[in-house]
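First the structure, in the form of structure tokens, and then the observations on it.
What follows is calculated from the coordinates using simple rules that are stated; it is not laboratory data. On a predicted model such as this, the values are computed, not experimentally measured, just so you know. Because the Cβ atoms are built from the backbone with ideal geometry, glycine has one as well, and the counts that use them run over all protein chains shown.
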Amino acid sequence: MAEAHGHDHAHPHQPDIEDAAPSHYQLMTEAVAGLLVEKGVFTADALRAMLEAIDAKSPADGARVVARAWADDAFRTRVLEDVNAAASELGIDAGSIPIRAVANAPGLHNLVVCTLCSCYPRLLIGLPPDWYKSRAYRSRAVREPRAVLREFGLELPTETVVRVHDSTADLRYLVLPERPAGSDSLDEDALAALVTRDCMIGTARPRAPA
Amino acid sequence: MRHLRRHHDMGGLDAGPVDHDHGGALAHDYAPWEKKVDAILRLLSSSGVMTVDELRRGIEELGPGIYDELSYYERWIASVTNILLEKGVIETDELGRRMAEIEAGWGHTP
């Protein structure tokens, strides 16, 4: 598969069916998990609960935060001060690693990358897409962001300032996109439906209201 | 002073087009074992056994050859395992034994 579409990163393996031989690293994962449970580093229940928590995270939580920020200026101010605290007001546990909101505005566009690895606000918007972890995105987003955005179908006016934020293990970013024109009559649920994962990374704009 | 760039430090380098997934149409699901790697790291991190910075250091120490050869979560579990071995949380021989046992029993679990 990887050869067939001609790029240089390996794709994570697809789920094994029951009788497929496990890979070396899959065996390593199961062995490490088993040893850590046996040694009491964490319990099997804690591992199960964490797996469920990972599955429960999706861009929908981030979209709720963005939609509330669009609808409520005071909340928006709190998001810009402290995303994790603002998310917790909506019952969302965004974890303890600080997330900083970077707001788009007329003439200003923000883009998030992690050049060194793959830091991403996982506890707010779920696991990152493959391209976010790719060599191409990590290398080029900081050097030619406009060209990268063009590949995503986002053509920015030359006078628009582009700010690229390089994430770290200790600080993650969330783009607060501009509220789309024509969305004045929408309630928060309808607003949240306009907020995609990519517009919270900065590679897209929110959907246009129907 | 010449900046010595290590292989993971790719910001600003030339690279091909971004193979983005057109809004998720081509996105694959993470395999269960990949999510387990993520869960292990989060539990180790929240219990103070290892940090995310140590995960990254472990990935960087895999070296350019292995770094490019392994998939994303393969790098993670290789790093986590090396750091657990380094800290003495687990030992090489018990890890090897456990992997052999799991492999021998694969497909026979009730």
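Based on what the data block shows, is A:Val195 surrounded by 22 or more Cβ atoms within 10 Å (Cβ to Cβ) and in a loop (DSSP other than H, G, I, E, B)?
Considered against the rule, which asks whether it is surrounded by 22 or more Cβ atoms within 10 Å (Cβ to Cβ) and in a loop (DSSP other than H, G, I, E, B), A:Val195 comes out as yes.
What tally of residues in the stretch A:167-194 results from selecting those that are within 13 Å of chain B (Cβ to nearest Cβ) and of a type in the set (Val, Ile, Thr)?
Number of matching residues: 1.
What about A:Asp93, is it within 14 Å of chain B (Cβ to nearest Cβ) and of a type in the set (Asp, Glu)?
Taking the combined requirement at face value, the residue satisfies it.
Among the residues of the stretch B:58-110, what is the count of those that are outside any helix (DSSP H, G or I) and either touching a strand residue (DSSP E or B) at 6+ places or on another chain (Cβ under 9 Å) or touching a residue at least 40 places away in the same chain (Cβ under 8 Å) (or both)?
2
Test each condition in (1) assigned to a helix (DSSP H, G or I); (2) among the aliphatic types (A, V, I, L, M); (3) free of Cβ contacts under 8 Å to residues at least 24 places away in the same chain for A:Leu186 and report the one that comes out false.
(1)
How do the helices (runs of 4 or more DSSP H) wholly within the stretch A:87-158 filter down when requiring 3 or more residues that are of a type in the set (D, E, K, R) and farther than 25 Å from B:Arg57 by Cβ: which remain?
A:145-151
Determine, yes or no, whether B:Leu55 is in contact with a helix residue (DSSP H, G or I) (Cβ under 7 Å, 6 or more places away or on another chain), assigned to a loop (DSSP other than H, G, I, E, B), under 30 Å from A:Pro145 (Cβ atoms) and more than 7 Å from chain A (Cβ to nearest Cβ). Reasoning before the result, please.
Values: in contact with a helix residue (DSSP H, G or I) (Cβ under 7 Å, 6 or more places away or on another chain): yes; assigned to a loop (DSSP other than H, G, I, E, B): no; under 30 Å from A:Pro145 (Cβ atoms): yes; more than 7 Å from chain A (Cβ to nearest Cβ): yes.
Considered against the rule, which asks whether it is in contact with a helix residue (DSSP H, G or I) (Cβ under 7 Å, 6 or more places away or on another chain), assigned to a loop (DSSP other than H, G, I, E, B), under 30 Å from A:Pro145 (Cβ atoms) and more than 7 Å from chain A (Cβ to nearest Cβ), B:Leu55 comes out as no.
Out of the stretch A:42-65, which residues are surrounded by 15 or more Cβ atoms within 10 Å (Cβ to Cβ), within 11 Å of chain B (Cβ to nearest Cβ) and in a helix (DSSP H, G or I)?
Once the filter is applied, which keeps residues that are surrounded by 15 or more Cβ atoms within 10 Å (Cβ to Cβ), within 11 Å of chain B (Cβ to nearest Cβ) and in a helix (DSSP H, G or I), the stretch A:42-65 yields A:Ala46, A:Leu47, A:Met50, A:Leu51, A:Ile54, A:Pro59.
Go through the residues of the stretch A:73-81 one by one and say whether even a single one is touching a helix residue (DSSP H, G or I) at 6+ places or on another chain (Cβ under 7 Å) and under 19 Å from A:Leu171 (Cα atoms). Outline the logic, then answer.
Residues of the stretch A:73-81 that are touching a helix residue (DSSP H, G or I) at 6+ places or on another chain (Cβ under 7 Å), as a first pass: A:75-76, A:78-79.
Filter again for under 19 Å from A:Leu171 (Cα atoms), leaving A:78-79.
Taking every residue of the stretch A:73-81 in turn, at least one turns out to be touching a helix residue (DSSP H, G or I) at 6+ places or on another chain (Cβ under 7 Å) and under 19 Å from A:Leu171 (Cα atoms).
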